[in-house]
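Participant: Structure provided below as structure tokens; questions to follow.
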Amino acid sequence: MMQLIDRVFAVKNDPEQLDVDDRVMQHLLRLHPAVFAEHSDENGPVAWVLLIPTTLALMERFIRSEITEKQLVDLTRADKPLEALYLCSATVLEEYRRQGLTLRLALESIEKIRQNHPLKALFVWPFSDEGDAAATAIAAKAELPLYKREKRE
């Protein structure tokens, strides 16, 4: 799974993308324990989703490309009202795709996060057509507006 994530997102080669190390993981878990979701089979994880709650103001700055993913996370504090949710990444092994895993994992996390934060919007920085479509489906099912940063090329 980690090899697939490295190959698809290439975060080590892109200074704007978030590189989820132990420090970042601990910060995100302080925001909410449901930011990470995964589905496993007998061999280990086959699908992984990362959602990042933040403020509407930071969402707007991110959508306008004024801040990077790293800055979005660094500037988000757990003691502020977190009203926006960044659909950061979803990775599913090839043989498990098109089974609704991303949608299910994301919606389960959204419902858990909604119990503690008054979510008003979702946002995404599409990495692929599939990711764009998944974000649209998630927003429709969650009944939240979806905002998009310009697609990555």
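The values are calculated or read from the model by the stated rules, or taken from the named source; none is laboratory data. Nothing here was measured: the structure is a model prediction, and the numbers come from that model. Positions of Cβ are generated from backbone atoms using ideal geometry, with glycine treated the same way; all protein chains shown enter the neighbour counts.
Participant: Can you name every residue in segment 105-127 that is out of contact with any Asp or Glu (no Cβ under 8 Å at 6 or more places or on another chain), closer than 17 Å to Leu50 by Cα and in contact (Cβ under 8 Å) with a residue 12 or more places away in the chain?
Facilitator: The answer is Ala106, Leu107, Glu108, Ser109, Ile110, Lys112, Ile113, Leu122, Phe123, Phe127.
Participant: Identify all residues within segment 57-79 that are among the hydrophobic types (A, V, I, L, M, F, W, C) and surrounded by fewer than 15 Cβ atoms within 10 Å (Cβ to Cβ); write none if there are none. Before you say what the answer is, go through the steps one by one.
Facilitator: Here is the first cut: in segment 57-79, the residues among the hydrophobic types (A, V, I, L, M, F, W, C) are 57-59, 62-63, 67, 72-73, 75, 78.
Within segment 57-79, Ala57, Ala78 meet the criteria.
Participant: For segment 96-117: of the residues being of a type in the set (S, T, N, Q) and under 14 Å from the mean Cα position of the chain (by Cα), which is modelled with the highest pLDDT?
Facilitator: Here is the first cut: in segment 96-117, the ones of a type in the set (S, T, N, Q) are 99, 102, 109, 115-116.
Imposing the further condition that a residue be under 14 Å from the mean Cα position of the chain (by Cα) reduces the set to 102, 109.
Numbers: Thr102: 91, Ser109: 96.
The extreme case among them is Ser109.
Participant: Consider Ala84 against the criteria (1) within 22 Å of Gln26 (Cα to Cα); (2) out of contact with any strand residue (DSSP E or B) (no Cβ under 9 Å at 6 or more places or on another chain); (3) aliphatic (A, V, I, L, M): it satisfies all of them except one. Which criterion is unmet?
Facilitator: (2)
Participant: Let me ask something else. Can you tell me which residue in segment 37-54 is modelled with the lowest pLDDT, limited to those that are aliphatic (A, V, I, L, M) and farther than 27 Å from Pro81 by Cβ?
Facilitator: Of segment 37-54, the ones aliphatic (A, V, I, L, M) are 37, 46-47, 49-52.
Cutting the leftovers down to farther than 27 Å from Pro81 by Cβ gives us 46-47.
Values: Val46: 80, Ala47: 87.
Per the stated criteria, the residue is Val46.
Participant: Now for a different question. Quick one: is Tyr86 at pLDDT below 90 and of a type in the set (Phe, Trp, Tyr)?
Facilitator: So Tyr86 does not fit the description; no.
Participant: Tell me which residues, restricted to segment 48-83, are without any contact (Cβ under 8 Å) to a residue 40 or more places away in the chain and small (Gly, Ala, Ser).
Facilitator: Ala57
Participant: Let me ask another. Got a number for residues in segment 41-56 being farther than 15 Å from Glu108 by Cα and part of a strand (DSSP E or B)?
Facilitator: 5
Participant: Given the criterion more than 13 Å from the chain's Cα centre (by Cα) and surrounded by 22 or more Cβ atoms within 10 Å (Cβ to Cβ), identify the matching residue among Leu93, Leu122, Leu82.
Facilitator: Leu82
Participant: If the Cβ limit is 7 Å and pairs must be 6+ apart or interchain, which residue in segment 132-153 that is closer than 21 Å to Arg61 by Cβ and modelled with pLDDT of 95 or more pairs with which residue that is of a type in the set (Lys, Arg) and part of a helix (DSSP H, G or I)?
Facilitator: Pairs that qualify, where the first residue is closer than 21 Å to Arg61 by Cβ and modelled with pLDDT of 95 or more and the partner is of a type in the set (Lys, Arg) and part of a helix (DSSP H, G or I): there are none.
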